[in-house]
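Asks: Please find one structure pasted underneath; my questions will follow.
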Amino acid sequence: MSTNSDYQAGVAHGRYPRALILWLATAMFALVALLAAPRAHAQTPAPLAEWQYSVGVPLEKLFEGPPPDWTVRLGMAARISPYYDGTGNYYPLAGPAIDIRYRDQGFLSTGEGLGWNIVHSDHWRAGIALTYDFGRREKHDHDHLAGLGNIGMAVESKLFAEYVVSKEFPLVIRANARRQFGGANGWLGDLGAYMPLPGSSDKFAWFAGPTMTVADSAYMSRWYGVTAEQSARSGLPQYHAGAGIRSYGGGVSAMWFFGKHWFATADFGIAALVGDARNSPVVSHSANMTGDISIMYEF
């Protein structure tokens, strides 16, 4: 972690403004490429817990010290997940996995999105990010969605914070709030926690923890409500879905380092819709699962 004198010297010599400009230019170029490519770790409503997209990141600094100026990890990933939370229709997806980090400040990740850590210390990480949501298509579950219309892809702005309790008790608590622009034009929030499981080592580490997702009325009504017009087209009864807890879930993530630069990851997550979301006539399966694997190379 940089001291105040290091920070002041960096400002005086103009290192941080230039670094920020370089990071933003690199990240924007990579983000365009990322959005144009198939995604295996999409930040979209899915049974993976939100913490699984950044699992282990805050623990690396606590146990290994300050990160290098640049950390670049590239690879390929494969995933199977539901088309949306509440369906029994699943699909496979393969594509690039990208994780680029500048010091403990900027990052571009197929899971976390494009972001900047405003707060970064041994125990805290908090900042802002841009992610995305694929939306929902009638054709992906015609039996339950016909007549409801599509929900378009959305850009999400995200505020997030993580806290690590201690080295002796490495519990990580993570919370975020996401605002969609497009799609449902609503708010989502996640609260989760995870920690390493017995058997973790320098070569293999695995983590587990629970999560809870809440949403406002705009999001809930768009995804799980049925308006009078939609009812007339689809034959489903009218339904109002209000703000509240959308789902509970949990996940397990693992990383295996099998070479100087190579490592593999695997994730499994499950989420169960509750309340207004679960009772929606749009929902055919209240519980969904997601699994993925990836092979990565760290430069």
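The values are calculated or read from the model by the stated rules, or taken from the named source; none is laboratory data. The model shown is predicted, which means the values in this text are computed figures rather than measured ones. Glycine gets a Cβ as well: all are built from the backbone with ideal geometry, and neighbour counts include every protein chain shown.
Asks: If I ask for residues that are buried (at least 17 other Cβ atoms within 10 Å of the Cβ) and among the hydrophobic types (A, V, I, L, M, F, W, C), which ones from the range 158-173 would you list? Show your work before the answer.
Replies: As a first pass, look at the range 158-173 and keep what is buried (at least 17 other Cβ atoms within 10 Å of the Cβ): 158, 160, 162, 164, 170, 172-173.
Within the range 158-173, F160, V164, V172, I173 qualify.
Asks: Determine, yes or no, whether Y91 is of a type in the set (S, T, Y) and either free of Cβ contacts under 8 Å to residues at least 40 places away in the same chain or surrounded by fewer than 17 Cβ atoms within 10 Å (Cβ to Cβ) (or both).
Replies: yes
Asks: Can you tell me which of D202, D190 is under 21 Å from Y53 (Cα atoms), at pLDDT below 95 and in contact with a Phe, Trp or Tyr (Cβ under 9 Å, 6 or more places away or on another chain)?
Replies: The unique qualifying residue is D202.
Asks: Being at pLDDT below 95, surrounded by fewer than 18 Cβ atoms within 10 Å (Cβ to Cβ) and of a type in the set (F, W, Y): is that true of F63 here? Quick ask: steps written out before the conclusion?
Replies: Numbers: at pLDDT below 95: yes; surrounded by fewer than 18 Cβ atoms within 10 Å (Cβ to Cβ): yes; of a type in the set (F, W, Y): yes.
Answer is yes for this residue.
Asks: If you go through the range 53-63, how many residues are farther than 13 Å from A205 by Cα and either assigned to a loop (DSSP other than H, G, I, E, B) or within 8 Å of the chain's Cα centre (by Cα) (or both)?
Replies: 2
Asks: How many residues, within the range 216-231, are surrounded by fewer than 13 Cβ atoms within 10 Å (Cβ to Cβ) and either in contact (Cβ under 8 Å) with a residue 12 or more places away in the chain or under 18 Å from D133 (Cα atoms) (or both)? Give the derivation first.
Replies: Quick first cut of the range 216-231, residues surrounded by fewer than 13 Cβ atoms within 10 Å (Cβ to Cβ) only: 228-229.
Filter once more, so that each one left must be either in contact (Cβ under 8 Å) with a residue 12 or more places away in the chain or under 18 Å from D133 (Cα atoms) (or both): none.
Qualifying residue count, the range 216-231: 0.
Asks: It is to be established whether one or more residues within the range 239-261 are charged (D, E, K, R), part of a helix (DSSP H, G or I) and either farther than 28 Å from E138 by Cα or at pLDDT 95 or above (or both).
Replies: Within the range 239-261, the subset charged (D, E, K, R) is 246, 260.
With part of a helix (DSSP H, G or I) added as a condition, the list becomes none.
For the range 239-261, residues charged (D, E, K, R), part of a helix (DSSP H, G or I) and either farther than 28 Å from E138 by Cα or at pLDDT 95 or above (or both): absent.
Asks: A follow-up question, please. Looking for something of a type in the set (S, T, Y), crowded, with 22+ Cβ neighbours inside 10 Å, closer than 30 Å to G149 by Cβ and in contact (Cβ under 8 Å) with a residue 12 or more places away in the chain - is there at least one such residue anywhere in the range 184-207? Steps first, answer last, please.
Replies: Residues of the range 184-207 of a type in the set (S, T, Y): 194, 200-201.
Next cut, crowded, with 22+ Cβ neighbours inside 10 Å only: 194.
Subset that is closer than 30 Å to G149 by Cβ: none.
The answer is no; no qualifying residue exists.
Asks: Where in the range 79-183 are there strands (runs of 3 or more DSSP E), lying fully within it, with 3 or more residues that are more than 15 Å from V57 (Cβ to Cβ)?
Replies: 90-102, 124-133, 154-164, 172-182
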